[in-house]
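The values are calculated or read from the model by the stated rules, or taken from the named source; none is laboratory data. Since the model is a prediction, treat every value here as computed from it, not as a measurement. Cβ: placed from backbone, ideal geometry, glycine included. Neighbour counts: every protein chain shown. These accessible areas exclude ligands, DNA and RNA; they are computed on the full protein's heavy atoms, side chains included. Shrake-Rupley method; radii C 1.70, N 1.55, O 1.52, S 1.80 Å.
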Amino acid sequence: MDRILAPSILSADFSHLGEDIDAVVEAGAKYLHIDVMDGIYVPNISFGMPVIKSIRKRTDIVFDLHLMITKPERYIKTFKELGADIITVHVETLEHPVETLKEIRALGAKAGIALNPETPIETIFPYLGLVDLVMVMTVRPGIGGQTYIHECTNKIAAVAMELTKLQLRDKVDVEVDGGLGVDTVDEALYAGANVIVAGTNVFHGDIKANAEAIMSHF
Ligand code: DX5
Ligand code: ZN
């Protein structure tokens with residue numbers, strides 16, 4: 001699988017979000033990671049539909065939507081219509097995981113499943129045949145700028161192995177989200193990740209140089 005940087009706009013400067021996005025596209029990022037938070041599933045509220053609609057007009061980069069919201073099935077269709085390419089839902093939020101993942105695909109988006117640091121990796125194993133992306137959270141969801149939880153690295157390895165066993169390794173992205181930068185990216189890649197989300201370590205400072213520095217580890 002290609003190794004891909006997915007800069008998380010949660011850490012961008014929203015007073016010039018368009019320029020910040022241009023910088024990561026120019027650096028060669030292939031996914032744009034978009035964190036939607038509802039203040040219920042996670043304590044923070046980030047941004048929603050109008051922002052996604054606006055930035056969709058600016059760039060063709062793959063929109064990698066990370067829904068940290070309760071009952072995400074309510075909004076899947078809308079997010080697809082607004083231009084989401086990958087829609088990732090948290091296993092902890094799903095009442096009917098099979099139906100929701102199938103619906104995402106039926107709408108024409110790629111389906112992703114995410115899990116929190118304290119959720120055992122086996123929780124998502126039943127759904128691996130229904131997804132295009134697995135997201136292993138390596139911080140508690142809801143806040144940027146936290147420290148990578150090293151205890152989660154074995155979960156990346158475990159899901160990569162399970163995908164290999166199911167002969168799905170070359171079809172499903174293994175994405176890691178939280179605390180990633182030049183100091184931690186190697187650990188995630190070595191464990192089997194191929195999509196690296198990074199917010200703080202991309203958008204704080206020289207954006208293009210930061211993105212290139214992380215991608216130099218790929
Ligand atoms: C956290 C979000 C992350 C966040 C990562 O809940 O899902 O995508 O933006 O931020 P950093 O890279 O700063 O840990
Ligand atoms: Zn995220």
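Among the residues of segment 22-68, which ones are part of a loop (DSSP other than H, G, I, E, B), open to solvent by 10 Å² or more (accessible area, probe 1.4 Å), more than 22 Å from Glu212 (Cβ to Cβ) and within 16 Å of ligand 2 (Cβ to nearest atom)? Correct list: Gly39, Tyr41, Pro43, Asn44, Ser46, Phe47, Gly48.
Taking segment 182-200 only, how many residues are under 22 Å from Asp22 (Cα atoms) and touching a residue at least 60 places away in the same chain (Cβ under 8 Å)? Result for segment 182-200: 6. Only residues that are open to solvent by 30 Å² or more (accessible area, probe 1.4 Å) and within 17 Å of the chain's Cα centre (by Cα) were counted in segment 76-104, giving 3.
Close Cβ contacts (under 6 Å, 6 or more residues apart or on different chains) running from residues in segment 114-138 that are closer than 24 Å to Ser8 by Cβ to residues that are among the basic types (Lys, Arg) and within 16 Å of ligand 1 (Cβ to nearest atom) comprise Ile121/Lys155; Val136/Lys155.
Can we say Ala12 is hydrophobic (A, V, I, L, M, F, W, C), open to solvent by less than 20 Å² (accessible area, probe 1.4 Å), within 19 Å of Val195 (Cβ to Cβ) and within 16 Å of ligand 2 (Cβ to nearest atom)? Taking the combined requirement at face value, the residue satisfies it.
From the list Val195, Val185, the one residue that fits, being touching an Asp or Glu at 6+ places or on another chain (Cβ under 6 Å) and within 16 Å of ligand 2 (Cβ to nearest atom), is Val195.
Taken over segment 110-153, the criterion of being of a type in the set (A, V, I, L, M) and in a strand (DSSP E or B) is satisfied by Ala111, Ile113, Ala114, Leu115, Leu133, Val134, Met135, Val136, Met137. Among the residues of segment 154-181, how many are within 15 Å of ligand 2 (Cβ to nearest atom) and either assigned to a loop (DSSP other than H, G, I, E, B) or in contact (Cβ under 8 Å) with a residue 60 or more places away in the chain (or both)? The qualifying residues number 8.
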